[in-house]
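The values are calculated or read from the model by the stated rules, or taken from the named source; none is laboratory data. Predicted, not measured: the structure shown is a model, and the values here were computed from it. Cβ sites come from the backbone with ideal geometry, for glycine too, and all protein chains shown count toward neighbours. These area figures cover heavy atoms from the full protein model, side chains too; ligands, DNA and RNA do not enter into them. Shrake-Rupley method; radii C 1.70, N 1.55, O 1.52, S 1.80 Å.
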Amino acid sequence: MAQPAVESQRVTFPSGADSTQLKGQLKGDQTIDYKLRAGAGQTLTVELKGSNPQNYLNVMAAGTDNALFIGSSSGNRFRGLLPSDGDVRVRVYLMRPAARRNETSTYSLKVGISGAPLTPVPASRDALIPGTPYHASADVPCVSGSSGKATRCKAFVMRRANNSATVVVTNPEGQKRQFLFVKGKAVASDQPEQLSVQRRGDSSVLSLGENFERYEIVDALVVGG
């Protein structure tokens, strides 16, 4: 069966404000994406209140279709750092059983963005790979989430101010993972699983949840040198 179309609405804040309150109504399989522009290193806060207990939200970082936050398993309140630049999507929907019953929900959604974005280092200071927004690339040791086998994955880095960066890794299944480093330390990802970090020599070993997905990122890729 064809998936229902997702409606899209652009969110802007009132002059001088860093948050806004939205109101709406869902019926059945109706799904709405609220899009707002943000930068890596900024903090997104979202809170949903719906009249139907099956009314939830997901959050997708810019550059990915995967949810970094899933309301049905984590509640309808989110606060976290964003790993990348571009349009963040806050998706509001009814769970499938309620949608199939054509239920409705009246909701209010508060969204806010705070903090200054981490500006990418200009090409005049750190040359870009031609035709890309990235400053460097490397093959990094990794462990596939599906097979659990050690292999190597392609990683690209967009370096930012204050020894910060966004590292984008493509795993063996062809899926992209985005990681935010602030002052040389990995602090956030674009995945819903908890990010844990261990130091190994001059590298950070990044693990996502308990699904045996790991990436080893050397410091020189993040900060240059």
Cβ-Cβ under 7 Å, sequence separation 6+ or interchain: first residue in the stretch 81-95 and under 30 Å from residue 160 (Cα atoms) and crowded, with 24+ Cβ neighbours inside 10 Å, partner of a type in the set (Asp, Glu) and at pLDDT 95 or above. Which pairs? 83/190
For the stretch 27-34, does any single residue satisfy the condition of being at pLDDT 95 or above, closer than 27 Å to residue 179 by Cβ and open to solvent by less than 30 Å² (accessible area, probe 1.4 Å)? yes
Sole exception among (1) part of a strand (DSSP E or B); (2) at pLDDT below 95 for residue 93, by number: (2)
Qualifying residue in the stretch 212-221 (condition: crowded, with 17+ Cβ neighbours inside 10 Å, more than 21 Å from residue 150 (Cβ to Cβ) and not small (Gly, Ala, Ser)): no
Within the stretch 148-163, tally of residues that are buried (at least 22 other Cβ atoms within 10 Å of the Cβ) and closer than 23 Å to residue 65 by Cβ: 3
Exposed (fewer than 14 other Cβ atoms within 10 Å of the Cβ), within 24 Å of residue 202 (Cα to Cα) and in contact (Cβ under 8 Å) with a residue 40 or more places away in the chain - does that describe any residue in the stretch 99-112? no
Which of (1) open to solvent by 50 Å² or more (accessible area, probe 1.4 Å); (2) at pLDDT below 95; (3) outside any strand (DSSP E or B); (4) more than 30 Å from residue 20 (Cβ to Cβ) does residue 145 not meet, given it meets every other one? (1)
Limited to the stretch 177-206, what total is found for residues that are surrounded by 15 or more Cβ atoms within 10 Å (Cβ to Cβ) and either in contact (Cβ under 8 Å) with a residue 60 or more places away in the chain or at positive phi (or both)? 10
Looking at residue 166 and the list (1) among the β-branched types (Val, Ile, Thr); (2) open to solvent by 20 Å² or more (accessible area, probe 1.4 Å); (3) closer than 20 Å to residue 79 by Cα, which single condition is not satisfied? (2)
Taking only pairs six or more apart or across chains, which ones have beta-carbon atoms under 8 Å, a first residue in the stretch 115-137 that is at positive phi, and a second residue that is surrounded by 14 or more Cβ atoms within 10 Å (Cβ to Cβ) and of a type outside the set (Ser, Thr, Tyr)? 115/41; 115/42
